[in-house]
Structure formats: structure tokens, C-alpha cells
1. Would you check if there is a residue in segment 201-215 being within 18 Å of residue 346 (Cα to Cα) and surrounded by fewer than 18 Cβ atoms within 10 Å (Cβ to Cβ)?
2. Determine, yes or no, whether residue 58 is touching a helix residue (DSSP H, G or I) at 6+ places or on another chain (Cβ under 6 Å) and over 19 Å from residue 147 (Cβ atoms).
3. Just one of 104, 117 is modelled with pLDDT under 90, in a helix (DSSP H, G or I) and surrounded by 15 or more Cβ atoms within 10 Å (Cβ to Cβ); which is it?
4. Exactly one of these conditions fails for residue 53: (1) crowded, with 17+ Cβ neighbours inside 10 Å; (2) within 27 Å of residue 321 (Cβ to Cβ); (3) in contact with a strand residue (DSSP E or B) (Cβ under 8 Å, 6 or more places away or on another chain). Give me its number.
5. Could you count how many residues in segment 120-131 are at pLDDT below 55 and either out of contact with any helix residue (DSSP H, G or I) (no Cβ under 9 Å at 6 or more places or on another chain) or at positive phi (or both)?
6. For segment 285-294, how many residues meet the condition of being touching a residue at least 24 places away in the same chain (Cβ under 8 Å) and either under 27 Å from the mean Cα position of the chain (by Cα) or within 17 Å of residue 245 (Cα to Cα) (or both)?
7. So, in segment 78-109, how many residues would count as being more than 30 Å from residue 27 (Cβ to Cβ) and touching a helix residue (DSSP H, G or I) at 6+ places or on another chain (Cβ under 9 Å)?
8. Mind checking which residues of segment 285-308 are modelled with pLDDT of 90 or more and crowded, with 16+ Cβ neighbours inside 10 Å?
């Protein structure tokens, strides 16, 4: 993720912090300073926030370790102001596996809450006060206890993108079709979002924001799964762009600019003198090259030399997954080391729309 910095590595998983997280820290410090009137109180608020996000990291690490148990790697964990995101290499193939991975995160919070409750019981600390009272004036252990309880309950809500929505989908998929299970779970999640939104209008604007977050998450998950199902069993050659232009590594950036303006193609395979693929020049690469080197510079000075390629017979489903993983805007398609096409998200989206239209025509 852009604007993120690596801060550590836990159990083989890199942990990143997004730049906006530091804005949150500053905001909390200033808010606590205004409330407490001194730097010590403000620093205490920041340290508590860091402790909360440490718990969030452990929550995401629970997902990562459960996924590893099923042979699924986790690319990284990124901390954002709204929480943490663990990027799995892929989603589990079987509903039972998805169920375990989804529940692993809240399970970490339950274990932590139980450990903190045992500590408070042994030390004679206040345990059964309300969450509001504990967070307002309780000790650190009591506050973190209720943070874990809150995180576990919130993430178990049966709605995407929370863990409870994925667990619900997995349970429904055990006895039915995965796509239908996703649609039902998304519908349930959106129904819950509607209720949360109405409740939020009467009580708290924050609930309205949560409801909007849940509604969009449910729609996004349903759309992604339907797209994946639509692409199942379809090879790349059915969707790849075959009417395309290539550039030579010795071409000038002026030539590349003219090719960009002449049509709708924005990424260009770059070939050497022998006709072998040696790079890809994206629109962003071209702009950076013009800025740094000028219009007379060669394409080779601006092109990306690290790129993904695909085979015409590869399935679109796996190709799309690779494109999303590398955040590639296009992938050259090679047959016998010769470029025979280009695959872009737009091509894939157009194929999905055409298939949808044909299905409606067939009733």
C-alpha cells in the first residue's frame, strides 16, 4: 500500500504503518492535551492508542497464522486509522478453512480478554464495571479488557467486511453454492447496515458511518465473488486485447507520447532489437520519464523492467488475482516468447458485462 512504512516483522509477516496513522496520533495527542491540560496526560492517551493498535496487530496476526495453517501466505499487515488490514495471498478454497481463518482474529481478542480478566481477578482490580466506566476511569488492564471485548463483538457482526460476515458466508456455503452464499450473507449484512443506520440517526452519527461502511463492504464482496465466478474456466485469450501497439526500447519518449495520444491504449510492451519483451511503459512511467529526462530520452530510460506476463491459455481468474496482487494496470500475454496480446482490468470488466448481458438474454 502506498504511503506505508515497514515497522517490523512478526512470525514472518511484515507490519506496515500508513502515513494517516501518524495524523491520528497527533490528533489524539492534541485532543488529550486540551482535555488534560498537560503533556503527560496527552502522552498517556497516545500510549493507550498504541496499545489498542498493538491488539489490532495481534488480531490480524491471528488471521495470518490461521491462513498459514492452510498453506495461504500473508503478504503484510497494514495499520490504518480505522484499524488493521491483513492482505492474504488468496482466500481459502474451502468454506471450513474460511470459517477458521475468519474466527481466528476474534478468538485472539477473546483469549486476551480472558487473560486480562484473570489478571484483574488475581490483583483485585475492578472487573465487572460497565465498559463505559472502565474506559473512562479504569486502569490500563481494565481498559484493554473492554477494548478486546468490543473488538471481538464488533468483528463478529454478521456483515462484510467484518469477520462475522465471512464466517456467515462460510457456514452458508457448507450447504450450498459459494456465490449464492455470498449473496445471502451480503443481503443480511446490508439489512444489518440499514438497521444500524436508522439507529444511528436517532443516537449517534458514528453508527451512520459504520452502517455506510458495512453497506459498501457487503456490495463490494458480492460483486467481487460474482466477477470471480463469471471468469471461472475462461482462458485469457478470450478477453485479451489483440489490436495493440508496441514500442522499441530505442524509441524516443516523443514517439511514446504520440502513441498514447493516438488511441485508448495506455500501457505499451517494449521490445528490444531482436523482438524480445524487455519492459512495459505505462502512462505513469511516461509522465515520470518526460519530467526527469525530457522528450528526447529513450523509452528504455523510463520503462518498467519488472513486470508480470501471462500465457494465452491461463485462466482469467488466476490472472486477475495476480494483477491485483502486483497492482498491475496491464499484463503482456506471451506465446513462444512473442507478445500476442495485452490483458487489462478493462478487458476483463467488458467480458463480464457481455456475459451478463448474454445470460439475461437467455433468461
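The values are calculated or read from the model by the stated rules, or taken from the named source; none is laboratory data. These numbers were taken from a predicted model, which means no experiment stands behind them. Ideal geometry is used to build each Cβ from the backbone, glycine not excepted, and the neighbour counts take in all protein chains shown.
1. Looking through segment 201-215, none of the residues is within 18 Å of residue 346 (Cα to Cα) and surrounded by fewer than 18 Cβ atoms within 10 Å (Cβ to Cβ).
2. For residue 58, the condition - touching a helix residue (DSSP H, G or I) at 6+ places or on another chain (Cβ under 6 Å) and over 19 Å from residue 147 (Cβ atoms) - is not met.
3. 117
4. With (1) crowded, with 17+ Cβ neighbours inside 10 Å; (2) within 27 Å of residue 321 (Cβ to Cβ); (3) in contact with a strand residue (DSSP E or B) (Cβ under 8 Å, 6 or more places away or on another chain) applied to residue 53, the lone miss is (2).
5. Total meeting the criteria: 1.
6. 1
7. Going through segment 78-109 one residue at a time, the tally reaches 17.
8. Result: 285, 286, 289, 290, 297, 298, 299, 300, 302, 303.
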